[in-house]
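Written out below as structure tokens is the structure these notes cover.
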Amino acid sequence: MLTTAVLSAPARADLDERQGKLLSSNCVQCHARPETGAPLMGNPPDWKVRNEQGMDRLLVNTVLGLRGMPPLGYCSACTEQDLRELIKAVSGIEVAAE
Ligand code: HEC
């Protein structure tokens, strides 16, 4: 199953169990489904240019939404720290230790 493959990817190694659930019940609904037009998890070419904007810009666009990307990625339960971890998992962006 696609969701299982995505969730076992190394990119989510930093997520705790609760964040893993937030990821699968929100972000994965679009970011593992090509037909939604979302850049896909585990597919670096979809993310190269986006990630060059840097984490802070990705965070702003996630919180406010961007075209087909809904504000907060529908994750109303997410804290800023959750969103940072979920963005890392979805985008694969490399971020220096915070
Ligand atoms: C309803 C579908 C949907 C959901 C749910 C969703 N996304 Fe997205 N996301 C999109 C789409 C579509 C785009 C591409 C927007 C564009 O550039 O047109 C996107 C883009 C992004 C981007 C790139 C923003 C940029 O600056 O290019 C990030 C980061 C992101 N999503 C993170 C997340 C995270 C984290 C979650 C879960 C909390 C999430 N998304 C949930 C559809 C979704």
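The values are calculated or read from the model by the stated rules, or taken from the named source; none is laboratory data. Remember, it's a predicted structure, so these values are computed and weren't measured experimentally. Positions of Cβ are generated from backbone atoms using ideal geometry, with glycine treated the same way; all protein chains shown enter the neighbour counts. For accessibility, only protein heavy atoms count, side chains too; no ligands or nucleic acids. Shrake-Rupley method; radii C 1.70, N 1.55, O 1.52, S 1.80 Å.
Inside region 34-52, can you point out the residues that are in contact with a helix residue (DSSP H, G or I) (Cβ under 8 Å, 6 or more places away or on another chain) and open to solvent by 70 Å² or more (accessible area, probe 1.4 Å)?
42, 50
Can you tell me which residues in region 56-98 are over 17 Å from residue 14 (Cβ atoms), in a loop (DSSP other than H, G, I, E, B) and among the hydroxyl-bearing types (Ser, Thr, Tyr)?
76
Out of region 48-98, which residues are farther than 19 Å from residue 32 by Cα and among the small types (Gly, Ala, Ser)?
54, 76, 77, 96, 97
Kindly indicate whether residue 15 is in contact (Cβ under 8 Å) with a residue 60 or more places away in the chain, more than 8 Å from the ligand (Cβ to nearest atom) and in contact with a helix residue (DSSP H, G or I) (Cβ under 9 Å, 6 or more places away or on another chain).
Considered against the rule, which asks whether it is in contact (Cβ under 8 Å) with a residue 60 or more places away in the chain, more than 8 Å from the ligand (Cβ to nearest atom) and in contact with a helix residue (DSSP H, G or I) (Cβ under 9 Å, 6 or more places away or on another chain), residue 15 comes out as yes.
If a residue has to be closer than 16 Å to residue 68 by Cβ and hydroxyl-bearing (Ser, Thr, Tyr) to count, how many in region 24-50 make the cut?
So the count comes out to 1.
For region 53-68, enumerate the residues that are under 11 Å from the mean Cα position of the chain (by Cα) and either crowded, with 17+ Cβ neighbours inside 10 Å or at pLDDT below 95 (or both).
Answer for region 53-68, where residues must be under 11 Å from the mean Cα position of the chain (by Cα) and either crowded, with 17+ Cβ neighbours inside 10 Å or at pLDDT below 95 (or both): 58, 62.
Might you check whether a residue that is open to solvent by 30 Å² or more (accessible area, probe 1.4 Å) and either among the polar types (S, T, N, Q) or near the ligand (Cβ under 7 Å from one of its atoms) (or both) occurs anywhere in region 85-98?
No, region 85-98 contains no residue that is open to solvent by 30 Å² or more (accessible area, probe 1.4 Å) and either among the polar types (S, T, N, Q) or near the ligand (Cβ under 7 Å from one of its atoms) (or both).
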